[in-house]
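My structure is below; once you've seen it, I'll send some questions.
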Amino acid sequence: MSWDLGAGLDGRVALVTGASGAIGRHVAAALAAAGARVVAVDLDEAAVRAVVAGLPGNGERHVALSADLRDLDAIEQLVQRAVAATGRLDVLAHVAGVIKRVADLDDVTPADWELQEQVNLRATFFLGRACARAMRAGGEGGAIVNFTSQGWQSGGFGGSAVYAATKGGVVSLSRGMARTFAADGIRVNCVAPGMVESPMLRNGLPAAQIDGFVDQIPLGRFARPEELAGAVVFLASQHATYITGATLDVSGGLLMY
Ligand SMILES: NC(=O)c1ccc[n+]([C@@H]2O[C@H](COP(=O)([O-])OP(=O)(O)OC[C@H]3O[C@@H](n4cnc5c(N)ncnc54)[C@H](O)[C@@H]3O)[C@@H](O)[C@H]2O)c1
């Protein structure tokens, strides 16, 4: 095999969830810049259309879809709509996620639990499975990149133990899917952001506590949202063809494993 610096994503189709979020919009842009045709998905159709309109290349090459990932029927329909619009599916970048921070674990409600479990963990299984079916039907394998969090290993900071548990589940699930789908040439990996400058980081946390986090990050700052996109492109690319079941720590050294 001759060495080619390209990502090998030219003409490939990548479905990106959470595509109008802080990180997801950069993941969509990076995959489009690498040559992929992007199917961008989020809750709000207008927001996801705006992201698609700004993608590198021709905005019309890409597709904007809205779906609520809490809804299992909507997940199945989403994958069918994506394949109907583009004819194939090669990459899933599953970025969507939610956090419900509480000051005290006594304040966690069943609704908090259900929301985080459904969006962060349950959707990862049902969406990943539906995408793997579509990839298998395409006959050329594929790559799934799920989003976990430093919380999968740390247990979470700032009242986010439930969120952390769902993200731990994402790692276990990704490893199980990696083993199962390997026979079909489908790789499954995780990106684990540390602390990313974003509304998700700041929501519900006092400024002093946030400053305290920075002191523990060897690189001395939070990630910029776009700094997560390269990890996704790498794991989806031809440079990662022997990587599956891995969790890539993108935490500025906050955690090292
Ligand atoms: N921001 C951070 O510091 C940080 C740290 C660690 C991990 N992460 C993870 O990175 C990913 C992206 O985070 P972000 O900072 O971009 O957050 P964000 O809130 O900006 O983006 C998340 C996106 O998911 C979408 N979403 C939420 N519920 C949905 C549902 N039911 N159906 C469809 N879409 C839904 C939201 O609309 C939003 O656009 C998440 O999985 C998050 O858990 C973020």
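Which is the longest part of the chain that has none of the GluC sites (Glu not before Pro) sitting in a DSSP loop with at most 15 other Cβ atoms within 10 Å?
The segment 1-139 is the longest one with no such site.
Could you please tell me the mean projected area of the C-alpha convex hull for segment 176-251, averaged over all directions and given in square nanometres to one decimal?
6.2 nm²
Quick check on the chain: what does the Kirkwood estimate of hydrodynamic radius come out to from the alpha carbon pairs, in Å?
Its Kirkwood hydrodynamic radius stands at 18.3 Å.
Another question, then. Need the full-extension length gain, residue 47 to residue 208, defined as separation in residues times 0.36 nm minus the C-alpha distance. One decimal, nm.
Contour length minus the Cα-Cα distance gives 54.8 nm.
Evaluate the relative contact order of segment 13-250 (contact order divided by residue number), counting alpha-carbon pairs under 8 angstrom at least 6 apart; express in whole percent.
20 percent.
Just report the Cα centroid separation between segment 16-30 and segment 168-202, whole Å.
16 Å
While we're here: What is the local net charge at residue 184, summed over the other residues whose Cβ is closer than 13 Å to its Cβ (Lys, Arg +1; Asp, Glu -1)? Each step should come with its number before you reach the end.
Values: positive: 129, 133, 136, 179, 187; negative: 90, 140.
It works out to a net charge of +3.
Here is a follow-up. Tally Lys and Arg at +1 and Asp and Glu at -1 over the other residues with C-beta under 13 Å from the C-beta of residue 37: what net charge comes out?
0
A follow-up question, please. So for segment 13-250, taking the charge dipole from beta-carbon charges (+1 Lys/Arg, -1 Asp/Glu), which of 15, 108, 65 sits furthest toward the positive end?
15
Just to confirm a number: summing +1 for Lys and Arg and -1 for Asp and Glu over residues other than residue 197 whose beta-carbon lies under 9 angstrom from that of residue 197, what do you get?
Surrounding charge for residue 197 is +3.
Percent of alpha carbon pairs in segment 1-138 separated by more than 22 Å?
Result: 39 percent of Cα pairs exceed 22 Å.
Within 10 Å of each residue's Cβ, count the other Cβ atoms and sort 144, 186 from fewest upward.
The fewest-first ordering by Cβ neighbours comes to 186, 144.
Follow-up. Mind checking the dipole of the chain: about its Cα centre, +1 per Lys or Arg Cβ, -1 per Asp or Glu Cβ, Debye to the nearest 20?
On the way: 21 positive and 25 negative charges, 130 e Å.
Result for the chain is approximately 620 debye, rounded to the nearest 20.
Each reported figure results from applying straightforward, stated rules to the coordinates on display, with no laboratory input. Only a predicted model underlies this, so the values are computations on that prediction, with no experimental measurement involved. Neighbour counts run over all protein chains shown; Cβ positions are idealised from the backbone, glycine included.
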